Each structure stands twice: as structure tokens, then as C-alpha cells.
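Engineer: Here you go, one structure.
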Amino acid sequence: MCMLEFYKQSIKTSTRALLSNKGRSFLTMLGIIIGVSAVIIIMAVGAGAQSLIINQVKTLGTDIIGILPGASEDDGPPATIMGIIITTLTYEDAIALNDKKNVPNIVDLVAYYKSVGNVSWGSNSYDTNLSGLTVGYMNVEGGEIDTGRWFTKEEEINLAKVVVLGSTVKKELFGESDPIGQRVKIKKHNLEVIGVMKEKGTVAFQNNDDQVFIPLKTMQN
């Protein structure tokens with residue numbers, strides 16, 4: 001009974017103190033509420049960012065190896081990560097890597113040459129990402145053709161002037177029109193549209209739909 005009276009008295013005293021200093025009590029409560037809310041928000045944002053990064057990494061798969069040109073220092077990333085352009089990797093290097101005599105367990109390989117540029121058709125034009133690729137892209141990165149086809153090894157070797165459009169580029173240039181067989185202009189060169197990719201979305205922070213895919217040797221030349 002004494003303990004009960006003690007608790008009652010403590011509650012009365014606390015209530016009296018809070019009411020007698022309403023401004024100070026309100027500011028104290030406000031500080032606690034803001035502090036707790038800030039911690040909850042930061043934890044939620046951090047968990048969301050972590051989940052996003054993990055999901056992006058998972059989409060790449062566990063059996064893909066990326067090779068970047070240029071050695072890195074012990075205390076830093078490869079130079080290409082910092083935006084420095086290094087051209088020590090060549091088309092011949094890609095062919096050698098894809099040779100099972102050199103790399104017995106390789107399944108397929110894709111080499112890249114990236115740039116940005118304007119693509120136009122008729123009076124429509126669109127600034128997008130230009131991706132020069134070898135034919136193995138579909139096996140390595142995945143993806144599906146919506147209409148038309150992917151380019152062949154022969155077209156890659158022979159510098160064929162053909163392109164495959166990402167779904168976003170197709171919509172921006174052609175709308176509902178059929179682009180297959182049409183010619184788009186990229187940096188004063190006319191290239192035939194042979195295919196359109198199905199919508200794939202963003203993988204590893206790269207929008208696969210906002211791209212034009214070109215045979216690697218055609219892109220380099």
C-alpha cells in the first residue's frame with residue numbers, strides 16, 4: 001500500500017511540474033518526438049537504399065565477371081570508374097577471351113563501347129545512350145527482342161550499318177509506327193533498324209530501354 005501511495009504521489013508531483021512549466025514541457029516533448037522520428041526516418045531510408053543496391057547487384061547474377069581497362073592503385077578504384085578513358089582493351093582482346101583455349105570455362109562474352117549521341121528519324125530526334133556491342137550481349141546481359149531481330153556475328157565483323165532500339169528510343173522516335181526497315185541517323189550516318197528490344201527497365205543503375213544497340217566494330221568506326 002505504501003508503494004501504491006508513493007507512485008500516486010510521484011505521478012501527481014510530475015503532473016504538477018509539467019503543468020507549471022508548459023512551455024518547457026512542450027519543447028522537451030517536441031525535441032524527443034523530432035529526435036525519435038529522425039532516427040526512424042534515417043533507418044528507413046538506409047534500409048531502402050540497401051535493399052535497392054542489393055536488388056540491383058542480384059540482377060547482374062553471380063556468374064558474370066567484368067573486365068575494365070587500366071590497372072588500379074592499391075588505395076583506389078580502376079581509372080575508368082573515375083571517368084578517365086583508357087583504350088588498352090581491344091576487339092582482339094575480346095576475341096581472345098572468348099576462346100575456350102584461353103578461358104576454358106567461359107560461356108559467352110560481350111565487349112562494350114559506350115557513348116551518347118543524337119538519333120533522328122524524319123523530323124523526330126532524341127538524345128540517348130549509344131552502346132557498341134558484340135553479338136554475345138543477349139546471352140550475357142539477357143533481354144528479349146520485341147520485334148525484328150538481333151544482329152549477327154557476320155554483321156558485327158563486316159561493320160554492318162544496323163541498329164536495335166531500346167523500347168524508350170522506339171517510342172520517342174516512332175511512336176506507334178513500325179520502325180523495322182526504317183533508317184535512323186546517328187552522327188551523319190544512316191543505319192537500318194532491324195529490331196526493337198522488349199522493355200527491361202533499369203539494371204545495375206543503367207536504363208536498358210533508353211539505348212541504341214550497334215555492332216561494336218560499326219560503333220568504333
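The values are calculated or read from the model by the stated rules, or taken from the named source; none is laboratory data. Remember, predicted model here, so these are calculated numbers, not experimental data. Cβ atoms come from the backbone with ideal geometry, glycine included; neighbour counts cover every protein chain shown.
Engineer: Among the residues of the range 191-208, which ones are at pLDDT below 95 and surrounded by fewer than 19 Cβ atoms within 10 Å (Cβ to Cβ)?
Structural biologist: Listed by number, the residues that qualify are K198, E199, K200, G201, T202, V203, A204, F205, Q206, N207.
Engineer: Keeping to the range 151-167, report how many residues are assigned to a loop (DSSP other than H, G, I, E, B) and without any contact (Cβ under 8 Å) to a residue 60 or more places away in the chain.
Structural biologist: Result for the range 151-167: 5.
Engineer: Can you tell me which of D178, D209 is part of a loop (DSSP other than H, G, I, E, B) and touching an Asp or Glu at 6+ places or on another chain (Cβ under 7 Å)?
Structural biologist: D209
Engineer: Can you go through K217, K170 and tell me which one is in contact with a strand residue (DSSP E or B) (Cβ under 9 Å, 6 or more places away or on another chain), assigned to a helix (DSSP H, G or I), within 16 Å of Y112 (Cα to Cα) and not aliphatic (A, V, I, L, M)?
Structural biologist: The unique qualifying residue is K217.
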